[in-house]
Amino acid sequence: MRSIPTEATPATPPIPPRPAYPTRIPPGSHPARSHPAPIRMQAGNPETRRRLAVYCLKDAYLPQRLLQKLMCVVNYVEMARVTGVPLNYLLTRGQQIKVMSQLYRKCKTLGLLLPVKQRSGGADEGGFEGATVIEPIKGFYKDPVATLDFASLYPSIMMAHNLCYSTLVQRKDVDKLPADAYAKGPTGDVFVKAETHKGVLPVILEELLAARKNAKKLMKSEKDPFKYAVYDGRQLALKVSANSVYGFTGATVGQLPCLEISSTVTAYGRQMIESTKQQVEERYTVANGYEHDAQVVYGDTDSVMIKFGTTDLGKAMELGQEAADAVTKTFIQPIKLEFEKCYHPYLLMNKKRYAGLLWTNTDKYDKMDCKGIETVRRDNCQLVKDVVDTSLRLILIKSQPEIAVNFVKNQISQLLMNEMDMSKLVISKQLTKTGDQYAAGIRLAHVELAARLKKRDPGLAPAVGDRVPYVMTKGAVGAKAFEKAEDPIYVLDNNIPLDTEWYLEHQLAEPIKRLFEPIVENTKALLEGDHTRRIKKAMPSNSGLMKFVAVTQRCLGCKASLPGAKDVAGNALCMSCKPKEVEIYYSKLQHLANCERFFWQTAVQSQRVTGHNFSDVLGIGRDSPLFYQMRKARKDLKEAQETLTRFDVPVC
């Protein structure tokens, strides 16, 4: 009887050197379209098929871990419970159905009917003025800056002033009501007071915020991690539901728009922000016995940033809490102004663009908080994020702006000298639609590149929904951005030079100017000077005119042309450099050792990411900088090995 091979004694055939598999993968097969390697592994032996199976299992297991990490199911269940909609509505419908469901549920208990409004295009509805933004006083503030925030500003306004569909009074009917039965808003719209008739929306908001307060109370006393996550999901669902009511009334293309409500809400909000600024600056002055005159340096929608003038963080927090309590007393309940945090130091660049060290207590800062800066945006290359993030840490945490300036200059110099790692220059954007679906004349870089990749290899071309990575290459004078965008792998394989000046002008220049404008007097000095003069230009090896150029062998020492065959061993140095052969050989050997070290460092890092030690790397996505580092390390190592073979020295 023939014995059945077991795991201990596997009867496996040898791995074929190059198994036959289709060179063109039909579109629609996701693993094959992204990685041709699975086809080879499937056609290999049981060990390669086992690795492929483990990879596929991880591909299914990781989304489950993400669901658990983000608590998606718990949050969806709590949102469905709060709003009264089916779970599938949360994934397929927007915010309006949630508010509408709550209105139906509450109106049923109150015995009210909801009108059915025919949806329109929204153009005839007009618009309304939104929130106010206090003009920022740009600068780098080394003294603490206190931040006061209104708690649930728009829901609080709707509850305080009883704003609802059922309380809105038509202007022609105002004279029919007693003068003490209604209140006129800043826009001139009239709503009856809560003593006369309680609105439906304020009742819904009161219940939502009361339930959220109770959920946060339960969170503080809960020890079980799962129950804590449930309560956290509940309070988040209640918060989102309460904040979406205002937007529901202001959506002109919606189920039940009412611009009288939304415009009144934002008008009250603008009044409150201006009133807060006025009260703080009038109260906290030297004339009133305080050490310094307070100054509101910025305000946006529901918060104000105040510089009290003191250098003591604890004192600034005390004054912030005192100011919040004093201003709150001037508003109708339940509107409440809260002291939330202090920034120390604080870098204010523009509207909705600022950064600072966030403090909630005087012991240690919580984090470096950034808003509207390139560190949190995805439409920039990694170099921009690294430069901005490192500069902010040097400025805010280490208080060394001079070192930050030198760091920026050094990064610009490396970029223009073509010494920057290409993985930091990759830009990635999502392909939302194909080029023929855009209006005439609109040609985007990633869209045009996707079309070119489809012509080169339809099986490996990105599909709609994929992210398209690209870099900017040297082009003709006056070439457009979409003409210079190229696939990073194609650039590496063909030694195509990058347009480093484009990166400096279109990616780095503006973020650097915004970041250093409040700190240095002349930001142009960061983009001009000795560090930008020496530019080492790279030439493509097998594209463009280089396809028709006969490349001669050059001396590895002085770069002089060498006669003789190109690939002959010993044809490495000219006669002038022969006496220094040992020194030059040692330098090339050292370069090879550095390339090998970097190659194995990236290989080990990739194995740690994929979880396969001592195995070939599989599954590193092209969105990861590690993917291009691996590719570049492999290419540099091969070139270093080829350079060393030109010496007539046997390699062990």
Q: Provide the gained length on full extension for the span residue 175 to residue 596, in nm with one decimal, where the gain is 0.36 nm per separating residue minus the Cα-Cα distance.
A: 142.8 nm
(Q) Only four residue types carry charge here, +1 at the Cβ of Lys and Arg and -1 at the Cβ of Asp and Glu. Report the dipole size of the chain about the Cα centre in Debye, rounded to the nearest 20. (A) 2400 debye
Q) For the range 222-321, which trypsin sites (Lys or Arg not before Pro) are in a loop by DSSP, counting at most 16 other Cβ atoms within 10 Å? A) 223
Q. What nm value, rounded to one decimal, do you get for the distance between residue 53 and residue 72 when each label is placed 7 Å out toward the C-beta?
A. 2.7 nm
Q. Given the pairs 239/429; 172/198; 217/367; 142/385, which span a C-alpha to C-alpha distance of over 29 angstrom in this model?
A. 239/429
**Q.** Per residue accessible area in Å² of the range 127-217, where ligands, DNA and RNA are left out and the probe is 1.4 Å
**A.** 48 Å²
Q | Förster-model FRET efficiency, 25 Å R0, residue 379 and residue 528, C-beta, rounded to 0.05 | A | 0.45
Q. When the accessible area of the range 151-199 is split by element with a 1.4 Å probe, what percent falls to carbon and sulfur?
A. 50 percent
Q | Segment residue 131-residue 160, extension gain: residue separation times 0.36 nm, minus the distance between their alpha carbons | A | 8.6 nm
Q) Say the cut-off is 27 Å between C-alpha atoms; which of 578/638; 106/220; 424/524 go over it? A) 106/220
Q.
If exposed means no more than 15 neighbouring beta carbons inside 10 Å and the site is in a DSSP loop, what's the longest run of the chain without any exposed chymotrypsin sites (Phe, Trp or Tyr not before Pro)?
A. 1-289
**Q.** Virtual spin-label span in nm between residue 282 and residue 649, 7 Å along Cα→Cβ
**A.** 8.4 nm
Q | Linear extension gain, residue 510 paired with residue 223, 0.36 nm per residue minus alpha-carbon span | A | 98.5 nm
Q. Applying 1/(1 + (r/R0)^6) with R0 = 30 Å to the Cβ-Cβ distance of residue 91 and residue 196, what FRET efficiency is obtained, to the nearest 0.05?
A. 0.15
Q.
What distance in nm separates the two pseudo spin-label positions at residue 400 and residue 638, each 7 Å out from Cα along the beta-carbon direction?
A. 4.1 nm
**Q.** Expected 222 nm ellipticity per residue - DSSP helices of 4 or more, -39500 (n - 2.57), all of the chain, to 500
**A.** -14000 deg cm²/dmol
Q. Using 1/(1 + (r/R0)^6) with R0 = 22 angstrom and r between the beta carbons of residue 467 and residue 437, what's the FRET efficiency to the nearest 0.05?
A. 0.80
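The values are calculated or read from the model by the stated rules, or taken from the named source; none is laboratory data. Here the structure is a predicted model, which means the values were calculated and not measured. Methodologically, a virtual Cβ is constructed for each residue, glycine included, from the backbone with ideal geometry; neighbour enumeration extends over all protein chains shown. SASA here: full protein model, heavy atoms, side chains in, ligands and nucleic acids out. Shrake-Rupley method; radii C 1.70, N 1.55, O 1.52, S 1.80 Å.
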